[in-house]
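Beneath this line is the structure, given in structure tokens, with notes to follow.
The values are calculated or read from the model by the stated rules, or taken from the named source; none is laboratory data. Predicted model only: the values in this text are computed from it and were never measured. Heads up, the Cβs are rebuilt from the backbone with ideal geometry, glycines too, and the neighbour counts pull from every protein chain shown. Keep in mind that these areas ignore ligands, DNA and RNA; they rest on the heavy atoms of the full protein, side chains included. Shrake-Rupley method; radii C 1.70, N 1.55, O 1.52, S 1.80 Å.
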Amino acid sequence: ISDNLIESAGQGLLLTDIENATITGNQIDSLEANGIRVRDDISSATRRVVIANNIIRSNDTSNSNGEGAGVSIGTARRIDVRGTHLSHGRIGVLVEGGADNCLIADNDLIDAVEEGLRVDENATNITRRNNRT
């Protein structure tokens, strides 16, 4: 999924139960949810997803239902978020709910209202480096 302009009242992109995907060069403007939401409804089905060099704006600054993140990752494996500019929203990148073996690197997360990067206690093997928060 590359080089798209996505304007949405809900999730900009919802990626569920996918494998070997690349999301790059998109401009995503989400009004009331996450810019990109990666989740897994089938055990270990969502894996090897690269989210790179996107511009994401999540305008939801509410504090409910895990919404309002530029990128939200839950119960997925081997997700890379790199070189992405995330603006507005409650959280720049949210990693939660059993996410495993993810890389969050070289992102610009400085415009988040609440936190640039949040990794909850149920996420494992999360590598974070060179992010601006």
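Within the bounds of region 72-83, is there any residue that is assigned to a strand (DSSP E or B), more than 22 Å from ARG47 (Cβ to Cβ) and open to solvent by 60 Å² or more (accessible area, probe 1.4 Å)?
Step one: list which residues in region 72-83 are assigned to a strand (DSSP E or B), which gives 72-74, 77-82.
Checking the rest, the ones that are also more than 22 Å from ARG47 (Cβ to Cβ) come to none.
No, region 72-83 contains no residue that is assigned to a strand (DSSP E or B), more than 22 Å from ARG47 (Cβ to Cβ) and open to solvent by 60 Å² or more (accessible area, probe 1.4 Å).
Could you check, for region 117-133, whether at least one of its residues is crowded, with 18+ Cβ neighbours inside 10 Å, in contact with a Ser or Thr (Cβ under 7 Å, 6 or more places away or on another chain) and either among the acidic types (Asp, Glu) or modelled with pLDDT under 90 (or both)?
No: zero hits.
With respect to GLY89, determine if the residue is within 11 Å of the chain's Cα centre (by Cα), modelled with pLDDT under 85 and not polar (S, T, N, Q). Steps first, please.
Numbers: within 11 Å of the chain's Cα centre (by Cα): no; modelled with pLDDT under 85: yes; not polar (S, T, N, Q): yes.
The answer is no for GLY89.
With the requirement that a residue be surrounded by 15 or more Cβ atoms within 10 Å (Cβ to Cβ) and modelled with pLDDT under 90, what does region 19-34 give you? Walk me through it before giving the result.
At the first step, the residues of region 19-34 found to be surrounded by 15 or more Cβ atoms within 10 Å (Cβ to Cβ) are 21, 23-24, 26-30, 33-34.
Passing the criteria: SER30, ALA33, ASN34.
Give the residues of region 100-115 that are at pLDDT 90 or above and either open to solvent by less than 50 Å² (accessible area, probe 1.4 Å) or within 19 Å of ARG39 (Cα to Cα) (or both), sorted by residue number. Steps first, please.
Filtering region 100-115 for residues at pLDDT 90 or above gives 100-108.
Within region 100-115, ASP100, ASN101, CYS102, LEU103, ILE104, ALA105, ASN107, ASP108 meet the criteria.
Hey, does region 51-67 have a residue that's modelled with pLDDT under 90, surrounded by fewer than 22 Cβ atoms within 10 Å (Cβ to Cβ) and of a type in the set (Val, Ile, Thr)?
Yes, there is a match, as at least one residue in region 51-67 is modelled with pLDDT under 90, surrounded by fewer than 22 Cβ atoms within 10 Å (Cβ to Cβ) and of a type in the set (Val, Ile, Thr).
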